1. For residues that are of a type in the set (S, T, N, Q) and closer than 26 Å to G194 by Cβ, scanning just the stretch 120-169, find the one that is nearest to the chain's Cα centre (by Cα).
2. Is the stretch 16-23 home to any residue that is within 19 Å of N59 (Cβ to Cβ) and assigned to a strand (DSSP E or B)?
3. Considering every residue within the stretch 6-15, establish whether at least one is surrounded by fewer than 22 Cβ atoms within 10 Å (Cβ to Cβ) and either assigned to a helix (DSSP H, G or I) or acidic (D, E) (or both).
4. Which count do you get for residues in the stretch 152-192 that are exposed (fewer than 12 other Cβ atoms within 10 Å of the Cβ) and aromatic (F, W, Y)?
5. Give the residues of the stretch 187-203 that are under 17 Å from the mean Cα position of the chain (by Cα) and without any contact (Cβ under 8 Å) to a residue 12 or more places away in the chain, sorted by residue number.
6. If you go through the stretch 40-55, how many residues are touching a residue at least 12 places away in the same chain (Cβ under 8 Å) and outside any loop (DSSP other than H, G, I, E, B)?
7. Can L37 be described as in a helix (DSSP H, G or I), of a type outside the set (K, R) and under 22 Å from A186 (Cα atoms)?
8. Inside the stretch 65-84, can you point out the residues that are among the charged types (D, E, K, R) and more than 16 Å from the chain's Cα centre (by Cα)?
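No lab work stands behind these numbers, since they all come straight from the coordinates. Since this is a predicted model, take the numbers as computed values, not measurements. Cβ placement follows ideal geometry from the backbone for every residue including glycine, while neighbour counts extend to all protein chains displayed.
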Amino acid sequence: MKTTNKPITVAITGASGFIYGLRLLQFLLNEDFKVDLILSKTAFKVAQLELNLNLQAENILESKKQILNHLSLINNKSLNLWSESNLAASISSGSYQSEGMIIIPCSMGCLGRIANGISDDLIARCADVCLKERNKLILVARETPLNTIHLQNMLTLSQLGAIILPAMPAFYHQPKDINDLIDFMAGKTLDSFGIDHKLFKRWTQA
């Protein structure tokens, strides 16, 4: 199922839906993809609020252990966790060989900074690199309702080649529980990135 040896950059921001990012991360690591993970400062707070996952923003190594433990992937060596403030990180350079970037979920603040070229943290910088290098960039936007500024920023990024993938789970696959809805969004994200999976039942005409 794995299609590349290049690492994939995954960012989780402070929008509601931390579980979307974790589920995508779990799939990628289970399939032996190398992942560079970035959490925004607010994402640490959302992890605590939504999942009772008490990650420590000031201790990256401990946070990495906690994430892997939460995903039952204790001995996995394919994950690198980066501080949002580390603008000197190797993944911030256009010379870094990456398959692309997924921001899941993506807050409107993060999306707005990327749309306007404001690379003031590692997440926005990596996204900027993807745009300038014409690499894959998927933004799983999570906000409702959307104002005109949000929509204009999304249009700007779409015109630049990014994929705007709102967190809008479908119901045609007859989900049995919330995990099916989470898998649907993770699966749609993987589809847009070009990674095969079987996370949800696809539509078939009756």
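1. N135
2. So in the stretch 16-23, the residues within 19 Å of N59 (Cβ to Cβ) come out as 18, 22.
If we keep only those that are assigned to a strand (DSSP E or B) as well, we get none.
Looking through the stretch 16-23, none of the residues is within 19 Å of N59 (Cβ to Cβ) and assigned to a strand (DSSP E or B).
3. There is no residue in the stretch 6-15 that is surrounded by fewer than 22 Cβ atoms within 10 Å (Cβ to Cβ) and either assigned to a helix (DSSP H, G or I) or acidic (D, E) (or both).
4. Selection size over the stretch 152-192: 2.
5. Passing the criteria: only D191.
6. So the count comes out to 9.
7. Spelling it out, it is not the case that L37 is in a helix (DSSP H, G or I), of a type outside the set (K, R) and under 22 Å from A186 (Cα atoms).
8. Once the filter is applied, which keeps residues that are among the charged types (D, E, K, R) and more than 16 Å from the chain's Cα centre (by Cα), the stretch 65-84 yields K65, K77.
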